[in-house]
Amino acid sequence: MSHVPHELHEEFPDARERLHALKIGNARFANLAERYHEVNRAIHRGESEVEPMSDDTLEQMKKQRLTLKDEIAGMLGA
């Protein structure tokens, strides 16, 4: 299991400038990015056992992160 956080700039390395511009200029995108960051950090804490959580909780959070990532990818492509 990977214990490396999945930061947005690492997930979308070719879109760093667009990520930054959307975070500044688009409130909906900024909200999605913030939610992604919060869920991503919680997953990282769970995977590295800093914060104990059940496997079910971890899997639900991973699905939530993937949904947020899909929304973000859609906005990056628009």
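Readers should treat all values here as calculations from the given coordinates under stated rules, not as data from a laboratory. Model, not experiment: these values are computed from the prediction. All Cβ positions, glycine included, derive from the backbone under ideal geometry; neighbour counts span all protein chains shown.
A few points about this structure:
- Residue within region 36-58 that is in a helix (DSSP H, G or I) and among the hydroxyl-bearing types (Ser, Thr, Tyr) present: yes
- Candidate set from region 56-70 (those that are more than 15 Å from Glu7 (Cα to Cα) and of a type in the set (Asp, Glu)); member that is nearest to the chain's Cα centre (by Cα): Glu59
- Residue match in region 48-55 (condition: exposed (fewer than 15 other Cβ atoms within 10 Å of the Cβ) and under 15 Å from the mean Cα position of the chain (by Cα)): no
- Counting the residues of region 11-47 that are buried (at least 17 other Cβ atoms within 10 Å of the Cβ) and without any contact (Cβ under 8 Å) to a residue 40 or more places away in the chain gives 7.
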